[in-house]
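The values are calculated or read from the model by the stated rules, or taken from the named source; none is laboratory data. The structure displayed is predicted, hence computed values, not measured ones. When we count neighbours, we look across all protein chains shown, and the Cβ atoms used for this are built from the backbone with ideal geometry, even at glycine. With ligands, DNA and RNA removed, areas are computed over all heavy atoms of the protein, side chains included. Shrake-Rupley method; radii C 1.70, N 1.55, O 1.52, S 1.80 Å.
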Amino acid sequence: MAQQAQKNPGKFSQLFITFYDVRHFIMRFFKEAFLPPYEGREFMRQCYNIGYRSLLLISTTGLITGLVFTKQSRPSLAEFGATSWLPSLVSIALLRTLAPLLTALIAAGKVGSSIGAELGSMRVTEQIDAMEVSATNPYKFLVSTRILASTITIPILTFYTAMVGMLGGLLNVSLNEGTSAKAFFESALEPITFLDITASTIKAVIFGFTIGTVGCYQGYNSLKGTEGVGRSANSAVVIGMFLIFLEEVVSVQFFALFRSV
């Protein structure tokens, strides 16, 4: 093992250099994002791109998820005569896990790749270098606004996904049991606690920050011309999704400690 490490010192060195670069990239965001001058117009434009332009895909995914989850859960509950628990089951599953995770994965694929490709093309065409020469801070304008927008927008989209998912569950339950919308939502919202809402919000904020940071880092440091642009977009999606799943595992264990108290 030691001989193999000695044969490939460059890989280990590059790994530590990458960790250092990522740390420096994130610390620079916290240093510059909240100091004037503020790029309010660019921030609002990124919120529009990340939020509004993702609504159709997220709405479709959330509705189908609610329908399918309710349909697949009904036979198991029917065996115990507990189909009345369907609204509660759907709301708990959506709010605790499905809504944050689905929203983050969709955003990682759509938003993360878009940010990586956009910044990567700006890097290889030397637009970022031109901004630096013209005494403009490209990091604040291009990176800080995108990370802030994704961090704020993903939690909003998460609760929108949960709402649309519950509408899908309502549609399925109404067709099969004839349950009214009022009875459905009363039963669905009853088991939801403040901890559930807090946990989902915190997870969504972390997911949004991860998506924005990974996409911006990959695009901002893109190399090797047009090939590097495609590689940046692909890396933004793959690494973003991997980190989201890792954060989901950690957060589930973390918030489980509070629920057990």
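Yes or no, residue by residue, for (1) touching a His at 6+ places or on another chain (Cβ under 6 Å); (2) within 30 Å of Phe258 (Cβ to Cβ); (3) open to solvent by less than 50 Å² (accessible area, probe 1.4 Å); (4) not polar (S, T, N, Q):
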| residue | (1), (2), (3), (4) |
| --- | --- |
| Pro37 | no, no, no, yes |
| Asn49 | no, no, yes, no |
| Leu63 | no, no, no, yes |
| Thr70 | no, yes, yes, no |
| Gly112 | no, yes, yes, yes |
| Leu142 | no, no, yes, yes |
State all residues of segment 246-261 that are open to solvent by 60 Å² or more (accessible area, probe 1.4 Å), over 26 Å from Ala33 (Cβ atoms) and outside any loop (DSSP other than H, G, I, E, B); if no residue qualifies, say none.
Val249, Val252, Gln253, Leu257, Phe258, Arg259, Ser260
Note down all Cβ pairs under 9 Å where the first residue falls in segment 28-49 and is touching a residue at least 60 places away in the same chain (Cβ under 8 Å) and more than 11 Å from Arg146 (Cα to Cα), the second is of a type outside the set (D, E, K, R) and part of a helix (DSSP H, G or I), and they're at least six residues apart or on different chains.
Arg28/Tyr139; Arg28/Val143; Arg28/Ser144; Glu32/Tyr139; Glu32/Val143; Glu32/Ser144
Please verify whether segment 85-102 includes one or more residues that are closer than 27 Å to Thr145 by Cβ, in contact (Cβ under 8 Å) with a residue 12 or more places away in the chain, part of a helix (DSSP H, G or I) and open to solvent by less than 10 Å² (accessible area, probe 1.4 Å).
yes
Between a first residue in segment 60-73 that is free of Cβ contacts under 8 Å to residues at least 12 places away in the same chain and a second residue that is aliphatic (A, V, I, L, M) and assigned to a helix (DSSP H, G or I), which pairs have beta carbons less than 7 Å apart while being 6 or more apart in sequence or on different chains?
none
Quick check: anything in segment 52-62 among the polar types (S, T, N, Q) and modelled with pLDDT under 90?
yes
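Consider Glu190 carefully, then state whether it is of a type in the set (Asp, Glu), free of Cβ contacts under 8 Å to residues at least 60 places away in the same chain and surrounded by fewer than 22 Cβ atoms within 10 Å (Cβ to Cβ).
Values: of a type in the set (Asp, Glu): yes; free of Cβ contacts under 8 Å to residues at least 60 places away in the same chain: no; surrounded by fewer than 22 Cβ atoms within 10 Å (Cβ to Cβ): yes.
Answer is no for this residue.
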For segment 234-245, which positions are open to solvent by 10 Å² or more (accessible area, probe 1.4 Å) and either under 20 Å from Met27 (Cα atoms) or of a type in the set (Asp, Glu) (or both)?
Ile239, Leu243
Number of the exception - Tyr160 against (1) of a type in the set (Ser, Thr, Tyr); (2) open to solvent by 50 Å² or more (accessible area, probe 1.4 Å); (3) assigned to a loop (DSSP other than H, G, I, E, B):
(3)
Taking segment 206-233, which residues are within 16 Å of the chain's Cα centre (by Cα) and either open to solvent by 60 Å² or more (accessible area, probe 1.4 Å) or free of Cβ contacts under 8 Å to residues at least 24 places away in the same chain (or both)?
Ile206
Would you check if there is a residue in segment 117-129 being more than 16 Å from Val214 (Cα to Cα) and in a loop (DSSP other than H, G, I, E, B)?
yes
Taking interchain pairs and intrachain pairs at least six residues apart, which have beta carbon atoms under 7 angstrom, with the first residue in segment 125-147 and at positive phi and the second surrounded by 12 or more Cβ atoms within 10 Å (Cβ to Cβ) and in a helix (DSSP H, G or I)?
none
